[in-house]
1. Is there any pair linking a residue in region 39-50 that is more than 18 Å from Thr146 (Cβ to Cβ) and modelled with pLDDT of 95 or more to one that is part of a loop (DSSP other than H, G, I, E, B) and among the hydroxyl-bearing types (Ser, Thr, Tyr), with Cβ under 7 Å and at least six apart or on different chains, and which?
2. Of all residues being at pLDDT 95 or above, in contact with a strand residue (DSSP E or B) (Cβ under 7 Å, 6 or more places away or on another chain) and not β-branched (Val, Ile, Thr) in region 123-147, which is nearest to Asp189 (Cα to Cα)? Just the residue, please.
3. Please verify whether region 104-119 includes one or more residues that are part of a helix (DSSP H, G or I), β-branched (Val, Ile, Thr) and surrounded by 21 or more Cβ atoms within 10 Å (Cβ to Cβ).
4. Looking only at region 24-45, how many residues end up being in contact with a helix residue (DSSP H, G or I) (Cβ under 8 Å, 6 or more places away or on another chain) and either of a type in the set (Ser, Thr, Tyr) or within 18 Å of Leu143 (Cβ to Cβ) (or both)?
5. Against the definition (within 26 Å of Glu200 (Cα to Cα), within 17 Å of the chain's Cα centre (by Cα) and surrounded by 22 or more Cβ atoms within 10 Å (Cβ to Cβ)), how does Leu38 come out, yes or no?
6. Which is at pLDDT below 95 and either of a type in the set (D, E, K, R) or in contact with a Pro (Cβ under 6 Å, 6 or more places away or on another chain) (or both), of Arg179, Arg190?
7. Restricting region 48-59 to residues that are surrounded by 23 or more Cβ atoms within 10 Å (Cβ to Cβ) and either over 14 Å from the mean Cα position of the chain (by Cα) or among the hydrophobic types (A, V, I, L, M, F, W, C) (or both), which is nearest to Ala93 (Cα to Cα)?
8. So which residues in region 19-34 are farther than 19 Å from Asp192 by Cα and either at pLDDT 80 or above or small (Gly, Ala, Ser) (or both), if there are any at all?
Amino acid sequence: MDSNDVRRQWAERSGEYSPEYYAHYGPDETSEEIRRILDRSIDRSAPVLELGCSSGRHLSHLHESGFDNLAGIEVNDDAFKVMEDSYPDLADAGEFYHDAIENVVDQFDTDRFRAVYSVETLQHLHPDVEWVYGEIARITDELLVTVENEGDRSDEDVNYVNDEFPLYYRDWNTVFTERGFVEVDANADRRDTVRTFRTEPT
């Protein structure tokens, strides 16, 4: 399986883990944790980008909490129709890109977003497109949050979820500290590890 296969799987995803699936469950404890992290660090008018926003449940929670400069990237073909039905205020207010992350991030200006975050998205990027991490670092002005399944030290580097799509285990501390960030917080008390990074002052 190469990066094109991975993109195709997510672009056509329906049923479990699809935009409809996540919209059905709505904002959750991860949505609230992201809001708390952002609230401690940036004002609510600052530009925020979600990588892999699906139908927008986390962004909708931010929007309802007063964040008003929101953007998202999502490859799934149905995501934005589901967003219009489930979170119409967000759909009207946000700036959205229907494409793969690796096809979008290099188009943004340096330091374009005050905060960038991902929730169980970067873990699905194929090793062929690992160059995208440098682009994520480049477009992040201040705060980066990763909520990803990092596995454990005994795991293989990749696991196939339901024998279908790959989940690539990575050490996100290493990935982003090597790209100029400082990790300021980490919480590994559940399946996903939540890491908060800040850009190093220059």
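The values are calculated or read from the model by the stated rules, or taken from the named source; none is laboratory data. What you are looking at is a predicted structure, and each value in this text was computed from that prediction instead of being measured. Don't worry about glycine lacking a Cβ; one is built from the backbone with ideal geometry, like all the others, and counts go over all protein chains shown.
1. Nothing qualifies.
2. The residue in question is Leu144.
3. yes
4. Number of matching residues: 7.
5. It is true that Leu38 is within 26 Å of Glu200 (Cα to Cα), within 17 Å of the chain's Cα centre (by Cα) and surrounded by 22 or more Cβ atoms within 10 Å (Cβ to Cβ).
6. Just one listed residue meets the conditions, Arg190.
7. Out of the qualifying residues, it is Leu59.
8. The one that is farther than 19 Å from Asp192 by Cα and either at pLDDT 80 or above or small (Gly, Ala, Ser) (or both): Ala23.
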